[in-house]
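**Q** Right, I'll just put the structure down here and ask away after.
The values are calculated or read from the model by the stated rules, or taken from the named source; none is laboratory data. Because the structure is predicted, anything quoted here is derived from the model rather than measured. A quick note on method: Cβ atoms are made from the backbone with ideal geometry, for glycine too, and the neighbour counts reach across all protein chains shown. Heavy atoms of the whole protein, side chains included, go into the accessibility calculation; ligands, DNA and RNA do not. Shrake-Rupley method; radii C 1.70, N 1.55, O 1.52, S 1.80 Å.
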Amino acid sequence: MLRHLFKLIWNKKGTHSLLIIEILASFLVLFGVLSLIVFNVRNFLQPIGFEYEQVWNVDLASNQDTVEVNRKLTTVMQRIRSYKEVETATRMSSNTPFSANQIGNSVTYNKVTAGGDFYYTDQDFNKVLDLPLLKGRWYRDGDRVAKFIPIVINKKMEDKLFLDETSLNKVIKIDDKSSYKVVGVVDNFKAKGEFMSDNPALFEMIAKDDGWNSNVLIKTKRGTDANFEAKLVKDIAMMLPGWGIEVSYLKESRLNRHNLTLVPVIIFLIISGFLLTNVALGLFGVLNLNISRRKNEIGLRRAMGATEGKVTIQFLGEIWVIATFSLIIGLLFAVQFPLMNVFDLDSEIYITSIFASIAVIYIIVTLCAWLPSKQASRIHPALALHEE
Amino acid sequence: MLSNYIKIAWKVLLRHPFYTFITLFGISLTLTVLMVLTSFLDHLFGTHYPEVNRNRSLYIATVIQTDSARTSMSSGPATFAFLTKHAKSLKSADKVAIMSNFSFSNTYVNGKRIKLNTKYTDTEFWDVMGFQFLEGKPYNDNNIRNSDHVAVITDALRDQYFETGGKSVVGRNIEIENINYRVIGVVKGSPPTRVYSYSDVYFPYTAPKSNYENKGMRGRYIAIVTAKDASDMPAIQSEFDSNISRIPYAEIHTEQNLTVLEVKADEYFNHFVNTFARDSTQRFLFYTVVSFVILMFMGLPAINLVNVNVSRILERASEIGVRKAFGAPSAALLWQFIIENIFITFIGGAFALALSYLIIYLINSSGWIAYADLTINVPVFAISLGVCLVFGLLSGVLPAFRMSRLKIVDALKA
């Protein structure tokens, strides 16, 4: 039966070539869009790893002021911590959660090099963001011994850098003068929001004399409003004349980051949805015409004793064979992506989307062929043969 | 003759409403998406308010420092000093404006928080941009010389901050980060998609916190150079390139290994492409991907139309047979089908035009992009119409050609 169908289609490959190209093109479009969606959904399913609801980000820019920047920052931190509306506060490098900034770097341990995001924070960072520790503890002021800079890494970084070893209290040399010492490990930290993948991350304690990392994250008490914000900005502006002060809520920045991911996905979804509707309608029309042109053939088969079901299956089988032809050609292109690791994505993403697109194509094709073949199978043999 | 063909086409369309629907659906939706997209691209890259001189402007927006092997790189906007030295001095240019990239700030009024975008500019900024002043006037060289705390604000900020309900606010003060600025002008705002003109507040570059005194090459400023005439642009570019090439090595070689300096004065679109595709292979890749996407997007509905048309025309074999038997030449039949297809494509085009108007109207009025001014302008419409024709021919010629070569006997038998 199957061989027979293949033969039937092969003999008419000329007339079917356009159909094959059409299905092939839809497959490629679907594959592209689904890869994008699978990538984002996979990221979305991993927890973000921290709390951001009540957290504000105060971005301080020293501008032309270069005198004793660090001392001024320390005073401001003391002032901020003293407000009754503030639960905790921490200094941080410019790559605050959900910001567009990124600081990438790499570390080497035992000849294994791992790249990741570097965050420069102080001893209160994990309290502000409720970042739970898997093992060890967060760094404290006392951890800074002459040669060691205390760091905390995330699980991903630990897996990459230390392979099967435990990471706690290991020392990583940076240069001849200083080295890192791992004091704790946290789980996920997806600083750019739910749609970011869980990258390796490293938190380094801000140096005592540091004047560069001048962002402040503030965890406010519930019910704190813009009135406190205005007061805060006014107070800081008095203490730091000439500095730039910008307050943003992590909750809002997160939405901005989301839109940056979601808007292109939605545009692609709309366009490909429209393309597929177009293809489905076209397929339906073409199959309808093709089948109605083969009335006498159907009549003959029915007269010879074929059941309705058998006739339906024959037409469905034909379109499945055509779809299979196109999918085989399409697969030749699509498998290159996981094989060659295009865009450095996990090959799992590509494989999932290949299977998903194959499934969607078969579903569309079946739906489009179902109605016409059902109609065809109901043709009365006497009528069909009479027309001939 | 033509009207006759069109009459036949009309009858054929009405005979099978379902197929007519499929064809029209394909044509009109493809064209709608295309028109909305073109109009959006035109909004992004075209010459529109307030960047009315964009077609004769060159943008100097990125300073790239690399090592000779191009493995490490550092890039970003320039300092005010760098641009003053190398761009302001251009002799072949008409006007040179320097402005900062927008930065953020907040202002508070009556316990309410207003998010602000701020921008520091020189006075030429107002000549290069075609802002419409609703009240007052821009700051001038005097304000700059005296380091006056003055500001030009947009109408949206005026309504939010002052709540005067349309009364003049020129001369009143706006407090931003504890500094009072005197409002000297109110302009109609620019959409946020035009990053070099978009802001809520504009300050003279001598206002506090502008960082215009910074030394070095990398800072937060960009320059827009206009030419008297679009044809002067290559001359300006080469003058700027030679300016850059004359910068002494010691000045470039400030960081450990970044020894190569790249600064270009580009037209807006090129400048945009250059921000993410720096060398020619990347640019080639970019254009390949874009053309592939367009090909897929246009190709799928086209193949679909051809498919439907082939099947439909086969249905009309007997009609063709009769016409051929009465002596109609193949060319006449071919023309009939082409005209029929162009006819239906134009109907689809008309639907698409109406639909695009609706969508663009919705985008403009939804506030999705503030001050959005998407339009179906003449070039966009002409392109769409051209695309209409290509579609009509693409989906008409192949099946028509096949049919017109059908033998009379075969045609009549069917």
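**Q** Tell me, please, whether a residue that is surrounded by 21 or more Cβ atoms within 10 Å (Cβ to Cβ), aromatic (Phe, Trp, Tyr), in contact with a helix residue (DSSP H, G or I) (Cβ under 9 Å, 6 or more places away or on another chain) and assigned to a strand (DSSP E or B) can be found in the range A:197-208.
**A** Scanning the range A:197-208 turns up at least one residue that is surrounded by 21 or more Cβ atoms within 10 Å (Cβ to Cβ), aromatic (Phe, Trp, Tyr), in contact with a helix residue (DSSP H, G or I) (Cβ under 9 Å, 6 or more places away or on another chain) and assigned to a strand (DSSP E or B).
**Q** Pick from the range A:304-333 the residues that are among the β-branched types (Val, Ile, Thr) and more than 14 Å from chain B (Cβ to nearest Cβ): which of them is farthest from B:Gly299 (Cα to Cα)?
**A** So the residue we want is A:Thr307.
**Q** Do you know which of the residues in the range A:328-347 that are in contact (Cβ under 8 Å) with a residue 24 or more places away in the chain and open to solvent by less than 50 Å² (accessible area, probe 1.4 Å) is farthest from A:Phe27 (Cα to Cα)?
**A** A:Leu345
**Q** For the range A:100-149, which positions are open to solvent by 80 Å² or more (accessible area, probe 1.4 Å), of a type in the set (D, E, K, R) and in a loop (DSSP other than H, G, I, E, B)?
**A** Matches in the range A:100-149: A:Lys111, A:Arg137, A:Arg140, A:Lys147.
**Q** Residue pairs, Cβ under 7 Å, 6 or more apart or interchain, first in the range B:155-174 and free of Cβ contacts under 8 Å to residues at least 60 places away in the same chain, second in a loop (DSSP other than H, G, I, E, B) and open to solvent by 80 Å² or more (accessible area, probe 1.4 Å). List them.
**A** B:Phe162/B:Arg172
**Q** Given A:Ser373, A:Ser377, A:Ser357, which one is away from chain B (no Cβ under 13 Å), at pLDDT 90 or above, open to solvent by less than 30 Å² (accessible area, probe 1.4 Å) and touching a helix residue (DSSP H, G or I) at 6+ places or on another chain (Cβ under 9 Å)?
**A** Every option except A:Ser357 fails the conditions.
To keep it simple, each residue is scored yes or no on (1) outside any loop (DSSP other than H, G, I, E, B); (2) open to solvent by less than 30 Å² (accessible area, probe 1.4 Å); (3) within 14 Å of chain A (Cβ to nearest Cβ).
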residue	(1), (2), (3)
B:Ile98	yes, yes, no
B:Tyr108	yes, no, yes
B:Lys119	yes, yes, yes
B:Phe131	no, yes, no
B:Glu135	yes, yes, no
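**Q** Another question about this same structure. Can you find, within the range B:261-308, the residue that is farthest from B:Thr226 (Cα to Cα) among those that are among the polar types (S, T, N, Q) and facing chain A (nearest Cβ under 10 Å)?
**A** First pass over the range B:261-308, keeping only residues among the polar types (S, T, N, Q): B:270, B:274-275, B:280-282, B:288, B:291, B:304, B:307.
With the extra rule that they be facing chain A (nearest Cβ under 10 Å), the set shrinks to B:304, B:307.
On the way: B:Asn304: 47, B:Asn307: 51 Å.
Out of the qualifying residues, it is B:Asn307.
Each row is one residue, and each column tells you yes or no for (1) in a helix (DSSP H, G or I); (2) open to solvent by 50 Å² or more (accessible area, probe 1.4 Å); (3) touching a Pro at 6+ places or on another chain (Cβ under 6 Å); (4) within 29 Å of A:His16 (Cβ to Cβ).
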position: B:Asn309; (1), (2), (3), (4): yes, no, yes, yes
position: B:Ile339; (1), (2), (3), (4): yes, no, no, yes
position: B:Ala354; (1), (2), (3), (4): yes, yes, no, no
position: B:Tyr357; (1), (2), (3), (4): yes, yes, no, no
position: B:Leu374; (1), (2), (3), (4): no, no, no, no
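**Q** I would also like to ask the following. I'm trying to understand the selection: among the residues of the range B:253-265, which are open to solvent by 20 Å² or more (accessible area, probe 1.4 Å) and in contact (Cβ under 8 Å) with a residue 12 or more places away in the chain?
**A** Correct list: B:Thr254, B:Glu255, B:Asn257, B:Thr259, B:Val260, B:Leu261, B:Glu262, B:Lys264.
**Q** If a residue has to be open to solvent by less than 20 Å² (accessible area, probe 1.4 Å) and either free of Cβ contacts under 8 Å to residues at least 60 places away in the same chain or within 9 Å of chain A (Cβ to nearest Cβ) (or both) to count, how many in the range B:10-26 make the cut?
**A** 4
**Q** Can you give me the number of residues within the range B:155-210 that are more than 29 Å from the chain's Cα centre (by Cα) and among the aromatic types (Phe, Trp, Tyr)?
**A** Final tally of qualifying residues: 3.
**Q** So for the range B:227-243 (the condition being in contact (Cβ under 8 Å) with a residue 24 or more places away in the chain and either over 22 Å from B:Asn53 (Cβ atoms) or in a strand (DSSP E or B) (or both)), does at least one residue qualify?
**A** No, the range B:227-243 has no match at all.
**Q** Would you point out the residue of the range A:257-303, among those that are more than 28 Å from B:Thr20 (Cβ to Cβ) and within 11 Å of another protein chain (Cβ to nearest Cβ), that is least open to solvent (accessible area, probe 1.4 Å)?
**A** That would be A:Val263.
**Q** Take A:Glu22 and tell me if it is modelled with pLDDT under 90, of a type outside the set (Ser, Thr, Tyr) and either under 31 Å from the mean Cα position of the chain (by Cα) or open to solvent by less than 20 Å² (accessible area, probe 1.4 Å) (or both).
**A** In short, yes.
**Q** Moving to a separate point now. Go through the range B:172-218 and give me each residue that's touching a helix residue (DSSP H, G or I) at 6+ places or on another chain (Cβ under 9 Å), away from every other protein chain (no Cβ under 14 Å), in a loop (DSSP other than H, G, I, E, B) and among the charged types (D, E, K, R).
**A** Across the range B:172-218, the qualifying residues are B:Lys188, B:Arg194.
**Q** Scan the range A:220-250 for residues that are polar (S, T, N, Q) and either more than 7 Å from chain B (Cβ to nearest Cβ) or within 33 Å of the chain's Cα centre (by Cα) (or both) and jot them down.
**A** A:Thr220, A:Thr224, A:Ser248
**Q** Considering only the range B:311-322, I want to know if a residue exists there that is over 24 Å from B:Thr32 (Cα atoms), open to solvent by 30 Å² or more (accessible area, probe 1.4 Å) and away from chain A (no Cβ under 14 Å).
**A** To start, the set of residues in the range B:311-322 that are over 24 Å from B:Thr32 (Cα atoms) comprises B:311-322.
Still in the running and open to solvent by 30 Å² or more (accessible area, probe 1.4 Å): B:314-315, B:318-319, B:322.
Narrowing the set further to residues that are away from chain A (no Cβ under 14 Å) leaves B:319, B:322.
Scanning the range B:311-322, I find at least one residue that is over 24 Å from B:Thr32 (Cα atoms), open to solvent by 30 Å² or more (accessible area, probe 1.4 Å) and away from chain A (no Cβ under 14 Å), so the answer is yes.
**Q** Determine if the range A:43-52 includes at least one residue that is among the charged types (D, E, K, R), farther than 30 Å from A:Arg81 by Cβ and more than 14 Å from chain B (Cβ to nearest Cβ).
**A** Taking the range A:43-52 as the starting set, the residues that turn out to be among the charged types (D, E, K, R) are A:51.
Pick out the ones that are also farther than 30 Å from A:Arg81 by Cβ and you get none.
No, the range A:43-52 has no match at all.
**Q** Please verify whether B:Ser28 is among the hydroxyl-bearing types (Ser, Thr, Tyr) and within 19 Å of B:Ala352 (Cα to Cα), treating the condition exactly as stated.
**A** So B:Ser28 passes the test.
**Q** Now a separate question. Can you pull out the residues in the range B:70-96 that are surrounded by fewer than 20 Cβ atoms within 10 Å (Cβ to Cβ) and closer than 16 Å to B:Asn243 by Cβ?
**A** Selection gives B:Ala81, B:Thr84, B:Lys85, B:Lys88, B:Ser89, B:Lys91, B:Ser92.
**Q** Is it the case, given these coordinates, that B:Thr281 is farther than 15 Å from B:Ala9 by Cβ, open to solvent by 80 Å² or more (accessible area, probe 1.4 Å), at pLDDT 80 or above and of a type in the set (S, T, N, Q)? Explain how you work it out, then say what you get.
**A** On the way: farther than 15 Å from B:Ala9 by Cβ: yes; open to solvent by 80 Å² or more (accessible area, probe 1.4 Å): yes; at pLDDT 80 or above: yes; of a type in the set (S, T, N, Q): yes.
When the stated conditions are applied, B:Thr281 passes them.
**Q** Separate question: Mind telling me which of the residues A:Asp187, A:Asp235, A:Asp176 ends up being touching a helix residue (DSSP H, G or I) at 6+ places or on another chain (Cβ under 6 Å) and open to solvent by 10 Å² or more (accessible area, probe 1.4 Å)?
**A** Working: A:Asp235 fails: touching a helix residue (DSSP H, G or I) at 6+ places or on another chain (Cβ under 6 Å); A:Asp176 fails: touching a helix residue (DSSP H, G or I) at 6+ places or on another chain (Cβ under 6 Å).
The conditions single out A:Asp187.
**Q** Out of all the residues in the range A:64-75, is one or more more than 20 Å from A:Leu345 (Cα to Cα), within 14 Å of chain B (Cβ to nearest Cβ) and open to solvent by less than 70 Å² (accessible area, probe 1.4 Å)? So that I can check it myself, show each step before the final result.
**A** First, pick out the residues of the range A:64-75 that are more than 20 Å from A:Leu345 (Cα to Cα): A:64-75.
Next cut, within 14 Å of chain B (Cβ to nearest Cβ) only: A:64-66.
Now narrow it down to the ones that are open to solvent by less than 70 Å² (accessible area, probe 1.4 Å): A:65.
Yes, the conditions are met somewhere in the range A:64-75.
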